[in-house]
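To start, the structure under review is shown below, and the notes come after it.
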Amino acid sequence: MKHEIFEHDIIIVGAGGAGLRAAIAAAEHAEHLSIALISKVYPMRSHTVSAEGGAAGVMRDNDSEDTHAKDTIFGSDFLADQDAVEILVREAPGELIQLEHWGCPWSRDPDGRISVRPFGGMTVNRTVFAADKTGFHMLHALFQTSLKYDAIVRYDECFVTSLLTDDGRVRGVTNLNLYTGKVQIVMAKSVIICTGGGGRAFPFTTNAAIKTGDGMALAYRAGVGLKDMEFVQYHPTGLPGTGILITEASRGEGGWLINKHGHRYLQDYGLGPATDTPTHRKMELGPRDILSRCHMQEHQKGNTFEGPYGHYLHLDLRHLGEELIDSKLPFVRELTRNYVGIDPVVDPIPVRPVVHYMMGGIHTDTDGKTSLEGLYAAGECACVSINGANRLGSNSLTELLVFGARAGRSAAEFALNQPSPLKSPIDLLAGDEQKRLDDNFLKKEGGTEKVAGLRQEMQIAMEDGVGIYRNEGDMRKTCDTLQSLRERFANIRIEDDTSIFNTERTVALELDFTLDVAETIANSALQRTESRGSHNRIDYPERDDENYLKHSLAFRAPGGPPKIEHFPVTITRWEPEERKY
Amino acid sequence: MEKEMIVNRPDNSKMYHPHMPTAWWFRKWSYFLFMLRELTSVFIAVFLVVYLFQIYHITQGADAYWEIAGQFRSGGWIAFHGVALIFAIYHSLSWFKTAAVILTPRVGGWMVPPWMVVALHIAAWLAASAAVLMLYVLI
Amino acid sequence: MKKPISFAPLWWGLFAGGGMAAAMLVPIHIALTGLAVPLGWLEEPLWLYQHWLVKVYLAGLISLSLFHCAHRIYHPLFHFAHRVYFSLPSFALRLIGRPVAILVYGGAMVGAASAIWIMTR
Amino acid sequence: MSEETITLNVTRYRHEKDRAPFIQSYQVPYREDWVVLDALNHIKDELDGTLSYRWSCRMGVCGSCGMMVNGEPKLTCSAFLRDYRPGEIRVEPLENFPVIRDLVIDMSGFMDKLTSVQPWIIREKEKPVSEGEYLQTPDQLDAYQQYSQCINCLLCYSACPIFGLETDFIGPAAIALAYRYNLDSRDEGSHRRNDVITDVNGVWECTFVGECSVVCPKHVDPAAAIQKLKVETVSGMVRGFLMPWSRK
């Protein structure tokens, strides 16, 4: 069977914020580069669209790069690489202004300057925003801007199933064209992975259905290490049941968290005093990891409400008034009206912590480069790392801009200096991949395992073992469960034998990827015998800088759980100290 | 020639291509109202041609007018004008509603709400109609 | 390459102007000329029609309104009816569209011209 | 708890198997807080894995899950079962589009139209990033903000009979987006965009049925954008005729 083979200079897998930013950066870096932008969904469906609060950057005279860096490093519980953070804070303002030049409708001050708002864990107002649809506006501005570059060629609704490697370097990708069900080969001199995180490994998450960790698994299978995977951020204010995100900006604008006794409980956990107006890094503006833990402790004390979807607390915006809510938080009002049937102007919003973000990801340097020659990564799927053990809200949108652009430029530079890839054995590879997809993921009526059932078991195991609080016993159990799910996965049942837009097949392929990611999370967590940032162990409640001021790196080991290695954190100017707010 | 920016497209021959059903404007009340709105123009056009015919005779002199005036007293013409009037009023109301979509005046920083734009149009309409009526009644 | 001049804005401008004129004034004229006068409630003020201001007013109202009607008959009614009832492919629609457009807008032009001719005699 | 159910009648079409679309019925559990998308996910996970449809964010912002629900274009992630009870629910692919499979429509034509209206900031001269942002007051932002809320869900195309009859019509969302950039105080490219949207297949095709604005889940008003563009074009033409020297 003949397979289509395409050739470009650069392939970008994933067309969300990071992918689009990388594509534009590559297109601007050098003329005549051909850039393939491959995504399993249309670009404007990417999950960047759901980000609400804003993007951090030093925009005002009362702020400084050092303060932004310090806040970020402090928030990361000193696990962030400080050279990467310095690059982030230095390049952030330029990127935010660049996006403004590309039409992003940032909210404005009366004098016409870009507005800034307070955000959790930050000492100064430095979060740039577009009402509370920041991600939506950023994604659409990036996508629409990308349309003007002829060099950017799109493969919409194509599912990348594997990286093609040869001779220690990446050669391209295999692509499942959803419209035909056929495998295509796309070859390039460099590949950038920008596929986002994998929150769908967990049952309650703000993440969209598409966030199944595909890109992380692609790199992992190609032998690249996944860094700091044990650090999974819970966002303290998701809607119970659906997990829909209620932005941190609602607290930045002055919202209160209250328990069932009407008490602003955060003051009981050293985050006080409880002032009426928001104070930086205090109370509701504490970092996400700490706020999520406070919620769980309130639950243990019996201070939470009980609902059909478990315990919840109240986020109270009523005192902010209708006018402020409509101008600064219109999406919060829209979401709560539609999905909970309450109006935040008159009712408190029920919230609980839900999985939101993966600090870990594909191990890259500050240019987005991985250990595999020609392979780059940026955005949530990558780990530079600027987030360390806990990400500060509004740093991720900035990260995807800064490091998306850097990865785009360095992948372009790399591609310029490479000869055209050889394609002789490639058609054979395509045949092999088609056979694998058809044999394992098409019409498997002999199989007995339901994909949805396995997925649910995985999600429950993850919540049980590597949730907000962790301990050795539960984590071991989760690791074992994941191992057995991996075995059972070989026996999945797929009824659909058609090739056009067969989503039963893609759903199974996604779970295949997510299982890999889940395994790295659980196994990385198991080996880190300390508590740091979002990784909180009941059996090791203290931070252990002596042994664990280190990144973990998970490598694939055939037939068994991942192999975990460690290497030191880069420290430039900020010596670790106790993290207290 | 512009470069193709999308590589993969679904195959036209492998898709199902639906057709608008003949009676699509019966499928939704809003579509039906739309078709009624467009139909008003037929009645208005016929009236205008008839009126022009009458005016032609009036300008030929009163005798010429009286010669043709009688036939408009027939039941058929009365019925037509009755229906035409209903359609014309529907045209006016729907037109003012659409005008409120296009005309969004601002007074200072305040946007005049659409219902007020419609109300102003209706007021103007009544005034204009009254003025024409005056010509018939008073003069 | 210079694009051929499009008349679409012209037709639409006349349509919109005529639509407003018709909305404001046609109902009362139907009510008076079509109903009140034939029913004997009022009389046609014949001598008024000799006044130049009235002539200008009527010529303007009738011609503009006719363009409005032409546009509405051409676009939706013709457009939809033909496409739907005879299932014509769009190239055929374009082909017959032109003569029909000439017929409809031409009709409006003839109407407008006769209105002006009648009023200026 | 007695297991209450609700019937979903879903359009199925697989090119390899079916000559034409047909309706398949599914019984799904009824839950007070379920949306149509939850019911579809229940079908896919528990009853019939072969059903295909697009979805992602399930919070009304990614724009993937537009379908016809009881004949109305809806985002299925915000169409609650409780609003259709006790009747049955008919779920069909968005109208006026070719169907790739089941509930998945072909939107590549829309993507071409979107590109054709040049939805990006066009400047005579770009300001370097080092010189900072373009100032834009809240009022200037307000002028176009409403038109920037489009999530490209295509409900408006599905509601537009003109697009159904004339598939080349650039259509509501793309024109509204072009208008959004025209209104942006930072932009200088409206003449380039207007060349496209006031040409054949542009605004003149629209006869103002107005349904696009009615069905928009984000309260964009594409119908207004199109009519205003018509008025602007006509007044621009009149101006050019009366004052030829003002023409570019």
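The values are calculated or read from the model by the stated rules, or taken from the named source; none is laboratory data. A quick note: this is a predicted structure, and the numbers were derived from the prediction, not measured. Every residue, glycine as well, gets a Cβ built from its backbone with ideal geometry; the counts of neighbours run over all protein chains shown. Just so you know, the surface numbers come from the protein's heavy atoms only, side chains and all, with ligands and any DNA or RNA stripped out. Shrake-Rupley method; radii C 1.70, N 1.55, O 1.52, S 1.80 Å.
Per 20 Å bin, what percent of the C-alpha pairs of the protein assembly as shown does each bin hold, from zero upward? Taking every Cα pair in the protein assembly as shown, the percentages come to 12, 39, 31, 13, 4, 0. Buried on complex formation within the range B:5-22 (loss of at least 50 square angstrom of accessible surface versus the isolated chain, 1.4 Å probe, ligands and nucleic acids ignored): B:MET5, B:ILE6, B:VAL7, B:ASN8, B:ARG9, B:PRO10, B:LYS14, B:MET15, B:TYR16, B:MET20, B:THR22. Taking θ as phi - 60° and the Karplus parameters 6.51, -1.76 and 1.60, the scalar couplings of the range A:512-518 work out to 4, 5, 4, 4, 4, 5, 4 Hz in sequence order, x denoting glycine and proline. Working note: Karplus 6.51/-1.76/1.60 with θ = phi - 60° gives the range D:159-167 the couplings 8, 9, x, 4, 5, x, 8, 10, 5 Hz, where Gly and Pro are set to x. The percentage of C-alpha pairs in the range B:38-139 whose separation is greater than 25 Å is 39%. Projecting each Cα onto the charge dipole of the protein assembly as shown (Lys/Arg +1, Asp/Glu -1 at the beta carbon, about the Cα centre), which of C:GLY34, B:TRP115, A:THR520 comes out farthest on the positive side? Result: C:GLY34.
Under 14 Å of direct C-alpha separation, and excluding same-chain neighbours fewer than eight residues apart, A:LYS70 reaches these aspartates and glutamates: A:ASP81, A:ASP83, A:GLU86, A:GLU575, A:GLU577, A:GLU578. 3J(HN,Hα) along the range A:284-300, derived from phi through the Karplus expression 6.51 cos²θ - 1.76 cosθ + 1.60 where θ = phi - 60°, amounts to 5, 9, x, x, 5, 4, 5, 4, 5, 5, 4, 4, 5, 5, 4, 4, 5 Hz, with x in place of Gly and Pro.
In terms of its C-alpha gyration tensor, the range A:109-168 comes out prolate, because a/c is 1.5 or above and the ratio a/b outweighs b/c.
Estimated purely from DSSP H runs of n ≥ 4, each contributing -39500 (n - 2.57), the mean residue ellipticity at 222 nm for the protein assembly as shown is -13500 deg cm²/dmol once divided by its residues.
Heavy atoms of chains D and A lose about 5300 Å² of accessible surface on contact, summed over both sides with a 1.4 Å probe.
Residues whose amide H lies under 5 Å from that of A:LYS182, counting only those 5 or more places away or on a different chain, are A:ASN177; hydrogens are built 1.01 Å from N in the peptide plane.
Counting only Cα atoms, the size of chain A along its three principal axes is 69, 54, 49 Å, in decreasing order. A cut-off under 9 angstrom between Cβ atoms defines the neighbours of A:ASP516, and their net charge, with Lys, Arg +1 and Asp, Glu -1, is +1. Within the protein assembly as shown, antiparallel bridges make up roughly 70 percent of the DSSP beta bridges whose residues both belong there. Our note on the geometry: Cα centres of the range B:77-139 and the range D:138-152, 31 Å apart. Residues of the range B:1-106: accessible area per residue at 1.4 Å, in Å²? About 52 Å² of surface per residue is accessible.
The spacing between the range A:456-517 and the range D:29-94, judged by their C-alpha centroids, is 25 Å. With a simple spin-label model that places each label point 7 Å from the Cα along the Cα-to-Cβ direction, the separation between A:GLU323 and A:TYR269 comes to 3.4 nm. Mind telling me which of D:GLU95, D:GLU232, D:GLU133 comes out most flexible in a GNM of chain D, alpha-carbon contacts under 10 Å? Sorting by GNM fluctuation, first place goes to D:GLU133. With 23 Å as the limit on Cα-Cα distance, the pairs of A:LYS211/A:LYS260; A:LYS369/A:LYS580; A:LYS443/B:LYS14; A:LYS40/D:LYS113 that go past it are A:LYS211/A:LYS260; A:LYS369/A:LYS580.
When restricted to Cα atoms, the range D:108-246 yields an Rg and a Dmax of 15.6, 49 Å, respectively.
Only residues of the range A:294-309 count here: report those whose backbone N is under 16 Å from the spot 7 Å along Cα→Cβ of A:LYS260, or say none. What the label zone holds, given the 16 Å backbone N cut-off, is A:295-309. For the range A:141-219 versus the range B:20-48, the inter-centroid distance based on Cα atoms is 49 Å.
Taking a straight Cα-Cα cut-off under 20 Å and skipping sequence neighbours fewer than 8 places away in the same chain, the lysines within cross-link reach of D:LYS74 are B:LYS28, D:LYS44, D:LYS218.
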